[in-house]
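First comes the structure, then the notes that go with it.
The numbers here are math on the coordinates, done by the rules we state, and not lab data. Since the model is a prediction, treat every value here as computed from it, not as a measurement. Reconstructed Cβ throughout: ideal geometry from the backbone, glycine too, with neighbour counts over all protein chains shown.
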């Protein structure tokens, strides 16, 4: 007899879907930016920076929220490997939500570029000027973006498996 | 997002066919997401012009030189200051245009991806400036000694690079490829006529450098005007002499610049041209009429010179979109293209720093006052 998990609290669900939209937007903006030489490029960059900062701030809000509103337990019937996979992918998603904006901020600091949020609102540099460090962080920003997209696909696939095949209430707990 | 199955659905076990259908649906959703990502990243459209293809075109035209800029590869670092005189403060709120001194890190260079090309009179010369007002409001600009740019889109630039790729047999561009390119780009034919007709000066010091792209100035009241700008030398213009063309010194233009800076600071007036409604801002191949209002906005002074191997300009990306509040991009598509490709070039060379060969103009050459 599997225990039916309760839903996530409303604040957790809102944060989840808001950040899902933002993170996906960032991934598509980023991969488009890195290829583009069109007029769209500068608009994409102008959105990517403030949106990245917003993701970083919201990730912190979400982590704090998670402490006060722990997620509902997974169904007892879930095989152990799937529990581990769920746990690991969530840890990775949280880590990347913090790491991606910090890498972006750090690499712009090391380049150095002015880190324009909007108009004359700039972020301070968080790393010393170092071109070699910049090149390394820039590559990491790309690699982690692909990793984040891959984890997103796993997360989406698993969510749909719960919602459409297992129908064990895990999908419902977030909608 | 798919709706969660309702509780009736949960009660009823799924038939094998329905499980397969739902698995297929999940597969389609995941494939669509991955496909959209790949499409936006350009992997599904090999003919789309991307930063990687642009860099590849530069390297096929100029060769692959680790650690160097993919264009304007041969250069020299300088430092000095920009002294705003307040004349342009009414049209732009940028900090640089207030009366006062702002340190700058500059770079003089020759167009082309070959870091050791011999200096030649007709090769396009550039001046790039990174001006750092003490209170913030950094401004980076790269200017060339030509009156207009040869192309007006990234696609045009790419095609020009492909057409100027050296033929492996002769080592020179294939004239037929260039003819074919020009036949499809009448704007380049017109621009090249203006570029070839320009008076060529004796060196970097007496060259005028133009922004080519248009920008917009915004003042404190929020009023915006289209502008272009130029660095106009205070050094007297001397035409290049035929003797220079047979100069055995492969760095004669840079050596002359070193000697002159070490003798006395070189100076350029920064002259802003205010566009009128109807003046083309999205086409860098078209000149603006001569009778437009000019504002002398301040003085560029260059008093120190360094080899790229020691100078601080080497690690600067002279991105034309690093602009202070008060200077904004225009609708010129080349601005985004330049910003994007410069950024890629910077990332590549920053990562290749340890493999970089010495620059053509060495520290010893600068030390010796431009003699070799």
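For this structure, a couple of remarks:
- Computed on the stretch A:54-145, with alpha-carbon pairs under 8 angstrom and 6+ residues apart, the relative contact order is 27 percent.
- Distance from the alpha carbon centroid of the stretch A:103-165 to that of the stretch B:36-86 works out to 21 angstrom.
- Separation between Cα centres of the stretch A:32-73 and the stretch B:117-195, rounded to whole Å: 37 Å
- Size of the protein assembly as shown from its Cα atoms: along the principal axes, largest to smallest, the extents are 95, 56, 49 Å.
- Distance in nm between pseudo-label sites at residue B:353 and residue B:23 (7 Å out along the Cβ direction from Cα): 5.2 nm
- Shielding by partners for peptide A:157-167, expressed as the average number of C-beta atoms from other protein chains within 10 Å of each residue's C-beta, is 6.
- Per-residue mean of foreign Cβ neighbours for B:104-114 is 0 (Cβ atoms of other chains, 10 Å radius).
- Rel. contact order, % - alpha carbon contacts under 8 angstrom, at least six apart, the stretch B:45-148: 25 percent
- For the stretch B:283-341, the fraction of alpha-carbon pairs in successive 5 Å shells from zero, as %: 4, 11, 13, 18, 21, 19, 11, 4, 1
- B:216, A:167 arranged by Cβ crowding within 10 Å, fewest neighbours leading: B:216, A:167
- Shape category assigned to the stretch B:146-264 from the gyration tensor of Cα positions, a/c cut at 1.5: oblate
- For the protein assembly as shown, the 222 nm mean residue ellipticity estimated from helices alone, with every DSSP H stretch of n ≥ 4 adding -39500 (n - 2.57) and the total spread over all residues, rounds to -14000 deg cm²/dmol.
- Cα extents for chain B along the principal axes, largest to smallest and rounded to whole angstrom: 91, 60, 43.
- Taking the three principal axes of the alpha carbon atoms in the stretch B:225-332, the coordinate ranges are 48, 34, 24 Å, sorted in descending order.
- Model label points for residue B:39 and residue A:120, set 7 angstrom from Cα along the Cα-to-Cβ axis, are 4.3 nm apart.
- On Cα atoms only, tilt of B:333-351 relative to the major axis of chain B in degrees: 90 degrees
- Each of residue A:127 and residue B:238 was given a label point 7 Å from its Cα along the Cα-to-Cβ line. The distance between the two points is 4.7 nm.
- Of the residues B:263, A:7, the one with the fewest other Cβ atoms within 10 Å heads the list, and the complete ranking is B:263, A:7.
- Restricting the calculation to Cα atoms, chain A shows an Rg/Rh of 1.03 when the hydrodynamic-style radius is the Kirkwood one.
- For the residues of A:100-112, the average number of beta carbons from a partner chain within 10 Å of their own beta carbon is 1.
- Relative contact order of the stretch A:10-174, taken over Cα pairs closer than 8 Å and 6 or more residues apart, is 21 percent.
- P(r) tail for the stretch A:31-122: Cα pairs beyond 16 Å make up 68% of the total.
- Helix A:131-160 axis, angle to chain A major axis (alpha carbon atoms, nearest 10°): 20 degrees
- Label-zone membership for the stretch B:32-66, site residue A:142, 7 angstrom Cα→C-beta point, backbone N under 11 Å: B:51-53
- Nearest 10 degrees, 0 to 90: helix B:252-263 Cα axis against chain B principal axis: 60 degrees
- The stretch B:131-215 shape via C-alpha gyration tensor axes, a/c threshold 1.5: prolate
- Per-q log10 I(q)/I(0), the stretch B:6-104, q = 0.19 Å⁻¹ (Debye; single scatterer per alpha-carbon; no solvent): -0.96
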